[in-house]
Amino acid sequence: GKGGHRHFMLKEIYEQPAVIGDSLRTFLDPARGTIEMQDAPFDPKALSRMLIVACGTSAYAGMVAKYWIEQLARLPVDVDVASEFRYRDTPLTAGEVAVFISQSGETADTLAAMRHAKAAGLVTIAVVNVPESSMAREADLVLRTKAGPEIGVASTKAFTCQLVTLACFAIGLGRARSTIDDARDQKLTRAMAEVPSRVADVLNNDSQMRRIAESLVHVTGVLYVGRGTSFPIALEGALKFKEISYIHAEAYAAGELKHGPIALIDDGLPVVALAPSGPLFDKTASNIEEIVARRGRVILITDEAGAARLADLVAEIVVLPTVDPVVAPLLYALPVQLLAYHTAVLKGTDVDQPRNLAKSVTVE
Ligand code: F6R
């Protein structure tokens with residue numbers, strides 16, 4: 001059942017502190033206080049690049065992972081949507097490692113991409129939520145997410161559990177490749193261990209997100225912007241918003257605004273800006289100033305320090321806990337889920353079963 005919630009989607013959003021904890025515990029060794037990677041079927045030090053392939057929301061989890069693996073494990077990562085990877089005739093080298101991310105483990109394009117990679121001699125890793133799925137059976141290494149069954153068509157808890165698993169994978173790779181030192185490793189591990197509690201804190205913003213949603217029900221479009229790992233979270237926020245509210249939403253890397261999309265900004269266009277404190281904050285802040293100067297209506301999602309910097313400028317501020325920038329995407333994923341959910345409920349759409357969509361896309 002829906003556990004007292006009106007929709008499966010809301011129930012699944014609220015399950016996130018628990019299932020993120022479950023997903024984390026498969027990697028985090030409480031005794032040693034480090035993140036353990038299972039015995040890898042490849043030599044992490046011998047790699048020169050990594051491929052990540054997925055569809056939809058799972059591909060956005062892959063994009064976040066690219067930033068993590070490049071930063072922490074110093075390994076270049078190519079992320080592809082499966083339907084492009086399969087048919088592009090990209091050169092592949094036997095022994096390369098390719099990661100396939102899929103909640104269902106059955107998505108036709110991702111499964112075919114995995115078979116294509118395997119046939120080319122690549123080492124295949126599947127990040128899957130359904131342990132008895134085709135991808136789980138066929139991959140060389142399975143990294144299981146522990147989201148539990150996800151009923152809502154729009155992925156929520158499966159996405160954040162994918163992020164947890166991929167963050168642990170990136171930290172584990174960084175250790176194995178000696179690209180993060182012990183102090184950084186311990187700091188990251190502590191930050192990860194706190195994520196379930198911080199995610200629970202973020203759910204306290206629910207009533208604010210519902211109030212902001214009231215201002216979005218009648219708009220014709222919403223823009224999402226962010227830099228670094230907040231860029232794929234912006235993409236995910238826009239996807240969630242359009243797929244359940246049927247209102248047009250787009251996401252851009254904040255630095256790309258001036259190369260075109262800024263022309264969209266006029267009186268009152270809602271812009272959801274994701275800007276955790278960290279090395280990229282000042283850059284995003286100046287993009288926000290540009291949006292406000294053109295009378296865009298900025299809904300800023302940030303932390304205490306960010307709120308103090310931009311309070312006088314923006315229409316709405318959602319304040320999240322202050323965390324290590326590495327784990328920020330795990331928190332910033334939630335308010336955009338809630339914003340999409342409440343807007344869709346207020347519009348009266350079928351939140352759990354949006355039109356034209358199926359939970360598992362087993363045709364090309
Ligand atoms: C969007 C959504 C889809 C899926 C995509 C891949 O909310 O859920 O974009 O992420 O169809 O599905 P899986 O992860 O099962 O391969």
### Message
Please enumerate, by chain and number, the aspartates and glutamates with C-alpha under 15 Å from the C-alpha of Lys242, excluding those fewer than 8 residues away in the same chain.
### Response
Glu250, Asp350, Asp352
### Query
Dividing the convex hull volume of the alpha carbon atoms of the chain by its residue count, what do you get in Å³ per residue?
133 Å³
### Note, ³J(HN,Hα) from phi for the range 86-94, Karplus 6.51, -1.76, 1.60, rounded to Hz, x at Gly and Pro
4, 9, 7, 6, 7, x, 10, 10, 3
### Query
What Kirkwood hydrodynamic radius do you get for the range 47-159 when you take the inverse of the mean 1/r over all pairs of distinct Cα atoms, in Å?
13.9 Å
#### Entry: Length-normalised contact order of the chain in % [C-alpha pairs under 8 Å, at least 6 apart]
20 percent
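Calculated from DSSP H runs of 4 or more alone, at -39500 (n - 2.57) each and per residue, what is the 222 nm mean residue ellipticity of the chain, nearest 500?
Numbers: 14 runs with 161 residues, N = 364.
The helix-only estimate for the chain comes to -13500 deg cm²/dmol at 222 nm.
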### Message
Order these by the 10 Å Cβ neighbour count, fewest first: Cys161, Cys55, Cys168.
### Response
Cys55, Cys168, Cys161
### Ranked Met114, Met63, criterion: other C-beta atoms within 10 Å, fewest first
Met63, Met114
### Task
Calculate the length of the line joining the C-alpha centroid of the range 76-126 to that of the range 338-364, in whole Å.
27 Å
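Just want the ordering: Asp43, Asp267, from fewest to most Cβ atoms lying within 10 Å of their own Cβ.
On the way: Asp43 11, Asp267 8.
Lowest to highest Cβ neighbour count: Asp267, Asp43.
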### Task
Determine the dipole magnitude for the chain: charges of +1 sit on the beta-carbon of Lys and Arg, -1 on that of Asp and Glu, nothing else is charged, the reference point is the Cα centre, and the result goes in debye to the nearest 20.
160 debye
### Summary
Note, the range 4-18: 3J(HN,Hα) by Karplus (6.51, -1.76, 1.60, θ = phi - 60°), whole Hz, Gly/Pro = x, goes x, 8, 6, 9, 4, 4, 5, 4, 6, 4, 6, 6, 4, x, 6
### Subset of Lys157/Lys359; Lys146/Lys240; Lys66/Lys359; Lys2/Lys240; Lys240/Lys359 violating a 18 Å alpha-carbon distance limit
Lys146/Lys240; Lys66/Lys359; Lys2/Lys240
### Query
Between rounded, prolate and oblate, where does the range 87-246 land on the alpha carbon gyration tensor, with a ≥ b ≥ c its root eigenvalues, rounded for a/c under 1.5, else prolate if a/b exceeds b/c?
oblate
### Query
Which distance in nm do the two modelled labels at Leu346 and Arg25 give, with both placed 7 Å along the Cα-to-Cβ direction?
3.8 nm
### Message
Running a GNM on the chain with Cα contacts under 10 Å, which residue among Ser104, Ser178, Ser23 ends up with the highest mean-square fluctuation?
### Response
Ser178
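Bear in mind that the values in this text are calculations on the coordinates, not laboratory data. Fair warning: this is a prediction, and the values are worked out from it, not measured in the lab. Glycine gets a Cβ as well: all are built from the backbone with ideal geometry, and neighbour counts include every protein chain shown.
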